[in-house]
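The values are calculated or read from the model by the stated rules, or taken from the named source; none is laboratory data. As the structure is a prediction and not an experimental result, all values here were calculated from the model. Cβ placement follows ideal geometry from the backbone for every residue including glycine, while neighbour counts extend to all protein chains displayed.
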Amino acid sequence: MLHGVRCSTCGHTSVPPRDICPACGAGELVETTLTGDARVFAATWIPSPFALEGFGADGFAVAWVDLDGGPRVQVLAEGHAPEPGVPGTVHTVVLEPYSLPVFRAEAP
């Protein structure tokens, strides 16, 4: 599950939550929860260690994913860079002191 906000004025969904709608500038936002189901739009491999211990010691993938019922967001991805169109889920991984969204591809 991912937490976000939906604008009461224009209906735009933002993940992570924010105070002002980036689409229309309104400040009337309602908390919403998304399943995390997503599909890869694009991804790339970064051949350097990730900055936080516990993820990507030999390099890491970053992906833009389209959330079902939500926006396109940039997330870390487990394993190597997934191909465009690959379905999966976005879940939260805690790497102290941060909670980061990470994409996990569905098994083929």
_Residue in the stretch 85-105 that is touching a Phe, Trp or Tyr at 6+ places or on another chain (Cβ under 6 Å) and touching a residue at least 60 places away in the same chain (Cβ under 8 Å) present_ = yes
*Which of the residues that make up the stretch 53-67 are in contact (Cβ under 8 Å) with a residue 24 or more places away in the chain, surrounded by 14 or more Cβ atoms within 10 Å (Cβ to Cβ) and part of a loop (DSSP other than H, G, I, E, B)?*
Phe55
*How many of the residues making up the stretch 30-50 are closer than 23 Å to Arg18 by Cβ and either out of contact with any strand residue (DSSP E or B) (no Cβ under 7 Å at 6 or more places or on another chain) or in contact (Cβ under 8 Å) with a residue 60 or more places away in the chain (or both)?*
2
*Search the stretch 14-31 for residues being outside any loop (DSSP other than H, G, I, E, B) and modelled with pLDDT of 95 or more, and hand back the single one that is surrounded by the most Cβ atoms within 10 Å (Cβ to Cβ).*
Leu29
